[in-house]
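Notes for the one structure printed next.
Just so it is clear, none of the values below were taken in a lab; they were calculated from the coordinates. Predicted model, so just to flag it, every value in this text is computed and none were measured. Note that we place each Cβ from the backbone using ideal geometry, even for glycine, and neighbour counts take in every protein chain shown.
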Amino acid sequence: TTTAPSQFTSFPTPLSGAHKTGLGSSAALTTALTSSLLHHLLPSPPSQSLTHNLSQACHCAAQGKVGSGFDVAAAVYGTCLYRRFSPSVLASVSDNHGPGTEGFGERLKSLVEDGEGKWDTEVAKGGVEIPKGYALVMCDVDCGSQTVGMVKSVLAWRSKEVEDAGRIWTSLQTANEGLASALSKGEEAEISSAFSAIRELIREMGEKSGVPIEPAQQTALLDRLAGVEGVVGGVVPGAGGHDAVSLLVREGKETLERVRGAVAEWSQKGEGRVRLLGVKGEMEGVRVEGGKYGGWIDA
């Protein structure tokens, strides 16, 4: 066995103590593992569609439900516009037909290879992209506790208040499409306005459903950061809550220093502990890293 080089940063924190970011880390891990197994076991590299289909099936099985699927799609394809497959696609490998049942392996293989064309997924790689000169960054936030079951609570409200929820859902879809269009054009003022429209609808959804998707503390923090020179806009990622904010910023050390200064001032005032993380959004999906991690493999 070769002694492993220090290719990975050490994170000496148990999962129970790690902060949830809302950026699909479980989907990324599932996709990476699935892709690695496919590359190792198949005679030729898997297609993106095969990797996507199997990763979606695995992630849905792990979650016990069919989610939005966009996190797995982003992990496979990178930045894209995504329309999820119909949940019925997975009917042959879920519930009473899941792992351990007779013929499961054959059904799963047939499903993910999609010889019958059941997957109605839509992926548009050129549908949205971050303009040159800009980057996605993230702030870790510790100013409250994450509410459990937020998504279920919102969906319960949606099923009860069909008309009002439908209006907000439609408006939010339009606002999201507006942001995608603004990003493609690279118009900073239009991008900022689109972020504001999305946040307003998210807050309305939160108020009417009784779920703190963008809590008051996060609203105040995002409003403060929106006033920092170089910050175009931001949102509470994932299902919402108190744990993180993501920002679109102009690239450059000066912008990042201003953001660090703003969050440091915020934290010093006792509004909650906030720090800018040393990571940026990646536009590429899953990829083969080559041999640089060879030291991690038994000789």
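So the values come out like this:
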| item | result |
| --- | --- |
| Intensity falloff of the chain expressed as log10 I(q)/I(0), Debye formula with alpha-carbon point scatterers, at q = 0.07, 0.09, 0.12 Å⁻¹ | -0.31, -0.52, -0.94 |
| Cα-based reach from LYS132 at 15 Å (exclusive), listing aspartates and glutamates while leaving out same-chain residues under 8 positions away | GLU187, GLU188, GLU251, GLU282, GLU284 |
| Ranking of MET150, MET283, MET138 by count of other Cβ atoms within 10 Å, fewest first | MET283, MET150, MET138 |
| FRET efficiency, 1/(1 + (r/R0)^6) with R0 45 Å, evaluated for ASP164 and SER47 via beta carbons | 0.60 |
| Long-range Cα-Cα pairs in the range 71-149 (distance over 22 Å), rounded percent | 52 |
| Selected from PRO12, PRO99, SER68, residue furthest toward positive end of dipole (the chain; charges at beta carbon) | PRO12 |
| Rg(Cα) / (2.2 N^0.38 Å) computed for the range 45-176, rounded to two decimals | 1.26 |
| Exceeding the 28 Å Cα-Cα cut-off - candidates LYS152/LYS269; LYS185/LYS280; LYS152/LYS185 | LYS152/LYS269; LYS152/LYS185 |
| Computed Kirkwood radius, in angstrom, where 1/r is averaged over Cα pairs of the range 254-294 | 13.2 |
| Residues of type aspartates and glutamates that LYS65 reaches as a straight line, Cα spacing below 15 Å, ignoring anything fewer than 8 places off in the same chain | ASP95 |
| 0 to 90° range, to nearest 10: angle between helix 253-268 axis and the chain longest Cα axis | 70 |
| Isotropically averaged projected area of the range 139-280, using the convex hull of Cα atoms (one quarter of hull area), nm² | 8.4 |
| Degrees separating the helix 188-209 axis from the principal Cα axis of the chain, which is the longest one | 80 |
